[in-house]
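Student: One structure coming up, written as structure tokens, with questions to follow.
The values are calculated or read from the model by the stated rules, or taken from the named source; none is laboratory data. Quick caveat, the model's predicted, so the values are computed rather than measured. Every residue, glycine among them, receives a Cβ derived from its backbone with ideal geometry; neighbour counts consider all protein chains shown.
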Amino acid sequence: MSAKHNVAILGASGYTGAETIRLVHGHPNLKLKALSGHSRAGQKLSDTYPNFGDMQIQKWEDIDFTNIDMVFACLPHGASQETIAAIKDDVDCVVDLSADFRLADPALYEETYGRPHAYTDLLETAIYGLTEFSRDKLKGADLIACPGCYPTCSLLSLLPGIEAGLFNPNNIIIDAKSGVTGAGRKAKEGLIYSEVADGAHAYGVGSHRHAPEIDQMLKRVSGQETRVSFTPHLIPMNRGMITTSYVRLADSVSAEDVRKAYAARYKDEPFIRLSEGVPQTRHVRASNLFGLGVFEDRVPGQLILVGVIDNLVKGSAGQAVQNYNVAQGWDETLGLEALPVFP
């Protein structure tokens, strides 16, 4: 490659935007050229994140996209689809980290997010970028929808078993827990220190927006209509995510059969780590790794899958960079080789 690809990051003032900035800075084939952040336009990046340089934040309308090769869109749902529709023809590729292009059915999008999808033509062309299960479709893609953090951790835990017919795709229970950065950077009463510290709580019980996204991918792989029971929880840590999934084994399938199938499916995956012990969020902190443990339950015929990711990296910005690497035909580990931070 003779020149680096020029990158714009939209929504740079949020946690996902900041993580994308960090990863782009370490990527040998990418050069950060522009940042947008509507409420902080006119400020320097260092005014928001002192750990970064003094690059100017603009309104996205003021960016010269003729000088941009690709865009990471780290915007809220709704705002993302409108912005992407306006700029898509000016750049080679957009990687969307919002929810706007994850659900293929516009009616399901409207039901889930409470507003109609205004750009169904783009929705039809978007590639759902769960990298390990989307590589063939990602090659050459010009609009990539990155999965949500909860679906990423849940689906990487479940899909090899569903793919191999080892699990019943119904009666799946997912108990999920995330650090506070998963709720975004906006000031909210429920996220101030005294409200979050020293406690944990469930939210979106029976109605969380990521459940239909999980269902959608499970249906694509299994060929069956599927509805998971999914409950997320907020726990008092900055970053990290753990999902504990409970599945029913198919007839005559053992936990050891599952371990062997997962080892075979994931043996060449650079970011998948199968663990004999119980994976912990601290083992993947600030990395693009996914850790997984497979355990036989005390309930006969039931299996427990414990998955961990950093919600801001493999659950968001890291997976976005990984997807773009695949789309460009590059080594997909470029810019993502950093080992976890410990402690």
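Student: From the residues in segment 202-226 that are in a loop (DSSP other than H, G, I, E, B) and under 20 Å from the mean Cα position of the chain (by Cα), which one is surrounded by the fewest Cβ atoms within 10 Å (Cβ to Cβ)? Quick ask: steps written out before the conclusion?
Tutor: Taking segment 202-226 and keeping what is in a loop (DSSP other than H, G, I, E, B), we get 203-209, 223-226.
Narrowing further to those that are under 20 Å from the mean Cα position of the chain (by Cα): 203-204, 207-209.
On the way: TYR203: 13, GLY204: 16, SER207: 10, HIS208: 20, ARG209: 17.
Among those that are in a loop (DSSP other than H, G, I, E, B) and under 20 Å from the mean Cα position of the chain (by Cα), it is SER207.
Student: Follow-up. Quick check: is even one residue across segment 246-269 touching a Gly at 6+ places or on another chain (Cβ under 6 Å), surrounded by 13 or more Cβ atoms within 10 Å (Cβ to Cβ) and closer than 30 Å to ALA107 by Cα?
Tutor: Checking segment 246-269: not a single residue is touching a Gly at 6+ places or on another chain (Cβ under 6 Å), surrounded by 13 or more Cβ atoms within 10 Å (Cβ to Cβ) and closer than 30 Å to ALA107 by Cα.
Student: Right, here's the next one. If you check VAL196 against the conditions, is it farther than 25 Å from PHE295 by Cβ, in contact (Cβ under 8 Å) with a residue 12 or more places away in the chain, outside the structural domain of GLY114 (by TED's automatic domain parsing) and hydrophobic (A, V, I, L, M, F, W, C)? Before you say what the answer is, go through the steps one by one.
Tutor: Working: farther than 25 Å from PHE295 by Cβ: yes; in contact (Cβ under 8 Å) with a residue 12 or more places away in the chain: yes; outside the structural domain of GLY114 (by TED's automatic domain parsing): yes; hydrophobic (A, V, I, L, M, F, W, C): yes.
Taking the combined requirement at face value, the residue satisfies it.
Student: What number of residues within segment 284-303 satisfy the criterion of being surrounded by 18 or more Cβ atoms within 10 Å (Cβ to Cβ) and touching a residue at least 24 places away in the same chain (Cβ under 8 Å)? Give the derivation first.
Tutor: Going residue by residue through segment 284-303, those that are surrounded by 18 or more Cβ atoms within 10 Å (Cβ to Cβ) are 284-294, 303.
Applying the additional criterion that residues be touching a residue at least 24 places away in the same chain (Cβ under 8 Å) yields 284-290, 292, 294, 303.
The qualifying residues number 10.
Student: Okay, moving on. Taking segment 116-134 as the region of interest, how many residues are more than 24 Å from GLN322 (Cβ to Cβ) and either without any contact (Cβ under 8 Å) to a residue 24 or more places away in the chain or assigned to a helix (DSSP H, G or I) (or both)? If you could, list the steps in order and put the result at the bottom.
Tutor: First pass over segment 116-134, keeping only residues more than 24 Å from GLN322 (Cβ to Cβ): 116-121.
Add one more test, that the residue is either without any contact (Cβ under 8 Å) to a residue 24 or more places away in the chain or assigned to a helix (DSSP H, G or I) (or both), and what stays is 116, 120-121.
Of the residues in segment 116-134, 3 are more than 24 Å from GLN322 (Cβ to Cβ) and either without any contact (Cβ under 8 Å) to a residue 24 or more places away in the chain or assigned to a helix (DSSP H, G or I) (or both).
Student: Here is a further query. Out of curiosity, is ASP175 over 15 Å from THR231 (Cα atoms), of a type in the set (D, E, K, R) and at pLDDT 95 or above?
Tutor: Numbers: over 15 Å from THR231 (Cα atoms): no; of a type in the set (D, E, K, R): yes; at pLDDT 95 or above: yes.
So ASP175 does not fit the description; no.
Student: Among ASP100, ASP105, ASP54, ASP90, which is the only one that is at pLDDT below 95 and not assigned by TED's automatic domain parsing to the domain that holds GLY206?
Tutor: Details: ASP100 fails: at pLDDT below 95; ASP105 fails: at pLDDT below 95; ASP90 fails: at pLDDT below 95.
It is ASP54.
Student: Among the residues in segment 159-168, are any under 17 Å from the mean Cα position of the chain (by Cα), surrounded by 15 or more Cβ atoms within 10 Å (Cβ to Cβ) and either of a type in the set (Lys, Arg) or closer than 29 Å to GLN81 by Cβ (or both)?
Tutor: Just the residues of segment 159-168 that are under 17 Å from the mean Cα position of the chain (by Cα), to begin with: 159.
Cutting the leftovers down to surrounded by 15 or more Cβ atoms within 10 Å (Cβ to Cβ) gives us 159.
Filter once more, so that each one left must be either of a type in the set (Lys, Arg) or closer than 29 Å to GLN81 by Cβ (or both): 159.
Yes, there is a match, as at least one residue in segment 159-168 is under 17 Å from the mean Cα position of the chain (by Cα), surrounded by 15 or more Cβ atoms within 10 Å (Cβ to Cβ) and either of a type in the set (Lys, Arg) or closer than 29 Å to GLN81 by Cβ (or both).
Student: Continuing with the same structure: Test THR231 against the criterion of being of a type in the set (Ser, Thr, Tyr), at negative phi and in a loop (DSSP other than H, G, I, E, B), and give yes or no. Talk me through it step by step, then tell me what you get.
Tutor: Details: of a type in the set (Ser, Thr, Tyr): yes; at negative phi: yes; in a loop (DSSP other than H, G, I, E, B): no.
Judged against the criteria, THR231 is not a match.
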